[in-house]
Each structure stands twice: as C-alpha cells, then as structure tokens.
Amino acid sequence: MPVSQSSPTNVLADADASAGDRALLERRASLLGPTYRAFYRNPIHLVRGSGVWLYDARGRKFLDAYNNVASVGHCHPRVVEALSGQAATLNTHTRYLSEIILDYAEKLLGTVPAHLGHAMFTCTGSEANDLAIRIAQHSSGGTGVIITDFAYHGATIATAQLSPAAVGAKGVPAHHRTVAAPDTFRDHGRAAKDFAKNVAAAIDDMRAQNIRPAALLLDSAFSSDGIFFPDAAVMREAADHVRKAGGIVIADEVQSGFGRLGQGMWGFANYGLEPDIVTMGKPIGDGHPMGAVLVRPRLVSSFGSNTGYFNTFGGNPVAAAVGIAVLDVIEGEGLIENARNVGAYTADLLRALQGRHGMVGDVRHNGLYFGVELTADGDAALAASKTSSVVEAMREDGVLISSCGPRGNVLKIRPPLPFARDNAEQLAETLDRALSNW
C-alpha cells in the first residue's frame with residue numbers, strides 16, 4: 001500500500017540502516033522470544049529522546065504524538081536531576097523511615113478529593129490495579145468486577161483477566177462482567193446513553209448467579225475501547241448502581257490522569273465522580289517505573305490489619321523524588337493549561353481534515369487525547385487496513401501515533417504534555433498527507 005514520502009535524506013538513511021536493524025531484530029527475537037513485538041513494519045531503533053522528540057540511530061528526528069509515559073517530555077532535565085541526585089544519595093524501601101516518601105504522598109494526595117486519604121505505592125499501573133482489586137474484594141466481600149468489553153487494565157494475572165483487549169472475552173472469568181463501552185459515535189451514541197443501564201443489568205446478572213459485586217473498574221478515557229468521553233450524568237449513575245449493590249468505584253487514571261485531559265489533574269473529575277480508589281502508573285514518573293493507589297482510608301483499615309501490603313521498590317526514595325519533580329513540572333510549566341489550549345487547537349486541525357477526507361468518520365478529544373475514527377462504508381476490515389496504513393505512513397513521514405479500538409480503526413494520538421501548536425500543525429499536515437494516499 002502507498003505510504004507518505006520522507007525526505008530523500010531520510011529515505012537513504014533508512015535504507016543504509018536496514019541491514020543493521022535486521023540484525024538487531026534477529027538478536028532481539030533470539031534473546032527475548034516471540035512475545036516481544038516491535039511497533040511498525042519498519043521498527044525504529046531509538047537512541048535518544050528530548051521533550052516531544054525521539055531520535056533514531058541514524059540521527060533522524062521523530063515527533064512523538066503517542067507516548068504518554070514521558071508525560072512531561074522525554075528526559076525532562078528537572079526529572080533527570082531529581083532521579084540522579086536521589087539515586088546518588090539513598091535508595092531503599094518503605095520499611096525504613098523516609099521523609100521524602102511522606103512529602104511525595106502528601107503532595108500527590110493534595111491533587112485529589114479529600115476523601116482519598118491514603119497513598120499506596122507500586123512500580124507499575126498493573127500492580128496498582130491489581131492492588132485496587134484486592135482491596136475492593138476484601139472491603140466489599142464480593143468478587144465480581146465490571147469492566148468495558150475491550151478494556152485494558154494490566155498484565156498481572158488478575159488485571160489481565162480484566163483486560164479483554166489483551167485476552168479476549170473468553171479470557172474474562174465467569175464471576176466478572178463486561179459491558180459495552182460508552183460509544184458516542186455509533187448508533188447515535190446509543191451505547192453511551194445506555195451505559196448506566198448496562199452496568200445495572202450486569203449487577204442483576206451477577207446476583208442471579210449468586211455473585212456479589214466488588215467493583216466497577218473504569219478507564220476515564222476508555223482508551224482501549226476507542227477513546228470516548230460520555231455524558232457525565234450517565235457515568236455518575238453507573239457509579240451509583242455499583243455502590244447501591246455494595247461495590248466500589250475504581251478510577252483507572254493510568255492513561256487519562258496527570259493533566260492529560262486538560263480540565264484538571266484527573267479524568268474522573270470531568271464526570272463529577274468521587275471514586276473510592278484511584279490508580280495510576282506510566283505518566284506518574286515520566287518514564288521511571290512507578291504507580292500508585294489512592295484510596296478511602298476506611299477501605300484499607302481492615303485490609304491493612306488482616307493482609308498488609310509491602311512492595312520493595314514501590315515508593316522508594318528515588319521514585320518519590322521523581323514523582324515530586326513530575327508534579328512540580330506539571331504545575332510550574334502550566335502543562336494542564338497547555339493540554340487544554342493546544343488540545344483544542346489540535347482538535348480544530350483534525351476536524352478540518354474530517355471535512356477534506358471522507359474516511360474520517362469522527363474526531364473525539366479531551367485535552368491532549370484524541371481518537372480519530374476511520375470508516376470505509378461499513379467495511380470493518382478495510383477501515384482497519386486503512387488505519388494501519390495511515391499509522392505506518394506517518395511513521396515513515398516522521399510522526400509517531402498508534403491505533404486502538406476493538407475494530408482497530410481508531411487513530412490513537414496522545415503526545416507528551418509539552419506538545420506545542422507547531423507540533424500540532426506538523427501532526428495535522430503529516431496526517432493529511434497520509435490520508436491523501438487513499
């Protein structure tokens with residue numbers, strides 16, 4: 001299939017590097033095995049990152065419009081300084097007294113509603129969601145968790161089983177329930193309007209099978225489902241159904257948190273939700289492996305005394321120093337406001353493309369999070385093929401994005417928070433070229 005043209009220099013560089021990259025791929029497959037998959041048909045050998053830019057081994061620069069892991073920008077100097085300074089001083093676990101861990105917990109808890117009074121630290125978002133599920137099941141006495149039908153919540157046994165995007169519907173245990181994601185695009189948004197009703201029906205079905213509900217686990221941006229931002233009242237109603245059934249509400253903010261949606265620090269606040277537990281990962285450390293669970297104290301009083309919790313590296317002093325630096329950068333550099341303003345500008349540019357390219361069926365956005373759904377007159381396979389080709393074409397043209405959704409036809413655009421207006425213009429121009437090849 002046709003792809004966008006890179007500059008002659010970049011084409012030559014890619015050709016010169018291909019033999020070395022093939023050798024690297026063969027070595028990777030030999031050492032890491034078949035479960036590790038690389039992005040793109042022509043994988044990129046990255047060697048350096050800075051801000052919104054990534055650089056390959058040949059010196060070619062790529063605009064990163066995908067990696068929320070580096071939330072405040074790749075290798076932010078303030079984060080790097082905090083990490084290296086604390087690593088050169090002390091790094092140990094939380095069974096010793098450490099002021100910096102408490103400073104970080106206090107600062108992080110200061111960003112959420114006051115009812116979330118305890119912080120528990122992990123190394124990943126998967127660990128955070130795993131711990132949240134344990135707390136929910138212990139505190140509620142239930143086992144059943146409700147998730148959306150193409151959600152992704154992690155890679156541990158417990159969270160993988162709650163990630164149909166990874167394991168498929170058959171991989172979800174019988175005591176859990178999936179509900180249709182609140183799709184705001186298809187069927188005049190019927191699934192979004194019916195979301196609360198579907199949650200209530202899932203609870204009724206659990207009870208009919210003598211399963212006690214434990215939790216509703218929600219990604220505030222429905223990232224793997226295709227990126228949706230449903231009506232706030234419906235989300236609150238869904239939460240009410242779960243609480244009335246004795247369960248709790250867990251807000252998975254791994255992808256939607258830390259200012260990503262541009263209205264405040266947390267995605268759940270956009271719906272007026274007051275979750276019982278908030279989980280976070282990836283952006284919390286700007287690339288450093290960190291995660292956290294913020295929770296109502298009453299939920300962990302029994303859990304803590306009966307079960308306890310300890311994580312050797314969760315909340316270590318280096319992680320705490322990094323976490324403080326990330327929060328300071330978000331505040332000090334006005335990154336939430338930037339996400340709101342540049343996000344709105346980017347959305348306008350993307351919607352202009354919708355007017356020029358008939359295959360662009362919908363543009364969904366909140367802050368610096370975008371889902372661009374491609375269509376093909378009802379042909380799902382063709383739409384998915386188009387989407388994959390657009391992603392590949394943009395990679396060849398120097399801009400990195402990805403795709404998501406159960407049909408594989410939604411362009412997933414999620415740049416680091418310092419993304420600027422000129423970056424947005426490059427993104428839109430590159431996407432315009434990629435779409436024009438169809």
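Once you divide the Cα radius of gyration of the stretch 138-190 by 2.2 N^0.38 Å, the number left is 1.26. Counting Lys and Arg as +1 and Asp and Glu as -1 over every other residue whose Cβ lies under 13 Å from the Cβ of Asp379, the net charge comes to +1. log10 I(q)/I(0), Debye, Cα-only the stretch 308-431, no solvent, q = 0.10, 0.18 Å⁻¹? Debye curve over Cα of the stretch 308-431, log10 I(q)/I(0) at q = 0.10, 0.18 Å⁻¹: -0.42, -0.92. When peptides 74-81, 385-392 are ranked by their average number of other Cβ atoms within 10 Å per residue, the highest-first order is 385-392, 74-81. With the simple model of a label 7 Å out from the Cα in the direction of the Cβ, Arg243 to Arg27 spans 5.5 nm. A simple count of charges around Val278, restricted to other residues whose Cβ falls under 11 Å of its Cβ and scoring Lys, Arg +1 and Asp, Glu -1, yields -3. Here the ratio of the Cα radius of gyration of the stretch 36-148 to 2.2 N^0.38 Å is 1.45.
Kirkwood hydrodynamic radius computed over the chain comes to 22.6 Å, based on all pairs of distinct alpha carbons.
Each principal axis of the stretch 103-194 carries a Cα extent, and these read 48, 30, 25 Å when sorted largest first. Here the Gaussian network model covers the chain, with springs between Cα atoms less than 10 Å apart; of Asp130, Asp183, Asp377, Asp377 fluctuates the most.
The GNM of the chain, with springs linking C-alpha atoms under 10 angstrom apart, assigns the highest mean-square fluctuation among Tyr40, Tyr96, Tyr369 to Tyr96. Here, P(r) means the percent of Cα pairs in each 5 Å bin from 0 to the largest distance; for the stretch 20-95 it is 3, 12, 16, 17, 15, 15, 13, 6, 2, 0.
Counting only protein heavy atoms, what percent of the accessible surface of the chain is carbon or sulfur at a 1.4 Å probe? The C+S portion of the solvent-accessible surface of the chain is 51 percent.
Using a Gaussian network model of the chain in which every pair of alpha carbons under 10 angstrom is joined by a spring, one finds that among Leu427, Leu261, Leu32 the greatest mean-square fluctuation is at Leu32.
Modelled label positions at Glu81 and Ala38, each set 7 Å beyond Cα in the direction of Cβ, lie 3.6 nm from each other. The helix-only estimate of mean residue ellipticity at 222 nm for the chain, built from DSSP H runs of length n ≥ 4 each weighted as -39500 (n - 2.57), is -13500 deg cm²/dmol after division by the residue total. Straight-distance candidates among the lysines for linking to Lys412, with alpha-carbon spacing under 18 Å and chain neighbours fewer than 8 residues away dropped: Lys282, Lys386.
Probing with 1.4 Å while keeping every protein chain in the model, the per residue accessible area of the chain equals 42 Å². Phi angles across the stretch 231-243 convert, under the Karplus curve 6.51 cos²θ - 1.76 cosθ + 1.60 with θ = phi - 60°, into 3J(HN,Hα) values of 5, 5, 5, 5, 5, 5, 5, 4, 5, 4, 4, 5, 5 Hz, Gly and Pro given as x. The largest accessible area among Thr148, Thr124 belongs to the first residue in Thr124, Thr148, and the rest follow in falling order (1.4 Å probe, all chains). Run the numbers on the chain and let me know its relative contact order in percent, using alpha-carbon pairs under 8 Å that are six or more apart. Reported as a whole number, the value is 23 percent.
The values are calculated or read from the model by the stated rules, or taken from the named source; none is laboratory data. What you see is a predicted model, and the numbers here were worked out from it, not measured in a lab. Reconstructed Cβ throughout: ideal geometry from the backbone, glycine too, with neighbour counts over all protein chains shown. Remember, those area values only see protein heavy atoms, side chains included, never the ligands or the DNA or RNA. Shrake-Rupley method; radii C 1.70, N 1.55, O 1.52, S 1.80 Å.
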